[in-house]
Amino acid sequence: MQQTDLLANAIAKAEASFTLMEKRIAAYFLARPEAVVVEKNSEIARKLDLSPMTLTRFFRKLGFEDSADARNRIVQDTYGPDNYRVDRRFETSFSRSQSEQSQRDLELSQASVAAAFAFRESEIWQNIVELVARSNAVYATGFQTMYYLADGFCRRLSYLRDRVHIVDGIDGVYAGLLPEPDEQVTLIMMDMFRYGAHGPILARLARERGIEVIILADEFCDWATGITPYVLRYPAETHFFLAMPQGISTGLNLLLQDVSSALGDTARQRVQKLSEAQDHFGLFLD
């Protein structure tokens with residue numbers, strides 16, 4: 001994917017001084033360079049879960065007066081004859097050399113992981129940890145290529161607490177999501193562009209049933225707004241072909257770590273019993 005020279009060069013010159021939030025903004029524009037032209041400031045700020053003023057300060061750091069100035073100066077590059085959209089990654093992934101763009105790949109990957117650690121310092125993260133640790137039951141699902149993440153997360157979370165279930169939707173109606181009266185249930189959903197059609201439908205259904213919903217997605221995800229306050233949007237990794245999202249994966253690892261701390265002795269005793277059962281059945285070579 002070819003970036004607009006003006007925007008990419010401005011980011012390259014200023015990136016040494018970027019804050020974690022600014023690295024996240026830069027990753028978004030590098031993955032989707034036309035966004036500065038075709039999306040409003042408020043839209044971008046909402047997707048990245050930041051204030052419009054933070055976005056304005058970012059553009060000023062790049063040398064622009066404000067968002068409007070950046071838009072006006074970049075418009076020719078974005079709509080000129082050399083414009084390439086995000087989806088060209090499916091053309092170029094098979095043809096570029098192994099070393100080509102490696103430094104940029106590294107920087108964008110680091111931005112995704114940094115965003116996951118930045119979320120860990122937020123109030124919303126603490127609320128999510130409490131939900132996953134204290135709910136009577138936890139369900140998780142991932143759509144399309146994200147199912148493997150949901151399955152792996154459930155298997156690991158089961159080491160820490162009981163009543164953890166993967167939701168596969170194979171019955172077409174998600175019948176497992178039927179909480180008992182006065183039961184607190186949490187549903188964790190994960191997806192990335194292009195999003196599964198069942199995502200918004202399932203999230204709304206869960207909320208109607210009194211289930212808390214946590215959504216982990218990339219920054220293109222706009223359907224989750226208004227359904228639940230527990231939305232974590234990570235920088236999209238569209239520079240990779242069929243990416244295994246490092247931001248979301250890191251976020252899930254950190255969630256497991258913090259849930260284990262929240263559960264304390266309860267989780268420790270459970271892990272000990274599971275380890276003894278594994279030894280009893282001789283599951284490991286040593």
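Return yes when residue 146 is buried (at least 19 other Cβ atoms within 10 Å of the Cβ), aliphatic (A, V, I, L, M) and assigned to a loop (DSSP other than H, G, I, E, B) and no when it is not. Before you say what the answer is, go through the steps one by one.
Numbers: buried (at least 19 other Cβ atoms within 10 Å of the Cβ): yes; aliphatic (A, V, I, L, M): yes; assigned to a loop (DSSP other than H, G, I, E, B): no.
For residue 146, the condition - buried (at least 19 other Cβ atoms within 10 Å of the Cβ), aliphatic (A, V, I, L, M) and assigned to a loop (DSSP other than H, G, I, E, B) - is not met.
Of the residues making up the stretch 227-246, those that are modelled with pLDDT under 90 and under 18 Å from residue 50 (Cβ atoms) are 233, 234, 235, 236. Working only within the stretch 240-275, note down all residues that are free of Cβ contacts under 8 Å to residues at least 24 places away in the same chain, farther than 22 Å from residue 121 by Cβ and hydroxyl-bearing (Ser, Thr, Tyr). Matches in the stretch 240-275: 275 only. Selection within the stretch 170-205: residues that are more than 26 Å from residue 235 (Cβ to Cβ) and of a type in the set (Gly, Ala, Ser). The member of this set that is modelled with the lowest pLDDT is 172.
Looking at residue 141, is it buried (at least 22 other Cβ atoms within 10 Å of the Cβ), among the polar types (S, T, N, Q) and assigned by TED's automatic domain parsing to the domain that holds residue 231? Walk me through how you get there before you give the answer.
Numbers: buried (at least 22 other Cβ atoms within 10 Å of the Cβ): yes; among the polar types (S, T, N, Q): yes; assigned by TED's automatic domain parsing to the domain that holds residue 231: yes.
Considered against the rule, which asks whether it is buried (at least 22 other Cβ atoms within 10 Å of the Cβ), among the polar types (S, T, N, Q) and assigned by TED's automatic domain parsing to the domain that holds residue 231, residue 141 comes out as yes.
Scanning the stretch 118-138 for residues that are part of a helix (DSSP H, G or I) and either loosely packed, with under 15 Cβ neighbours inside 10 Å or small (Gly, Ala, Ser) (or both) yields 118, 123, 124, 126, 127, 130, 133, 134.
The values are calculated or read from the model by the stated rules, or taken from the named source; none is laboratory data. Every value quoted in this text rests on a predicted model; they were computed, and no experiment measured them. Note: ideal-geometry Cβ built from the backbone for every residue, glycine included; neighbour counts use all protein chains shown.
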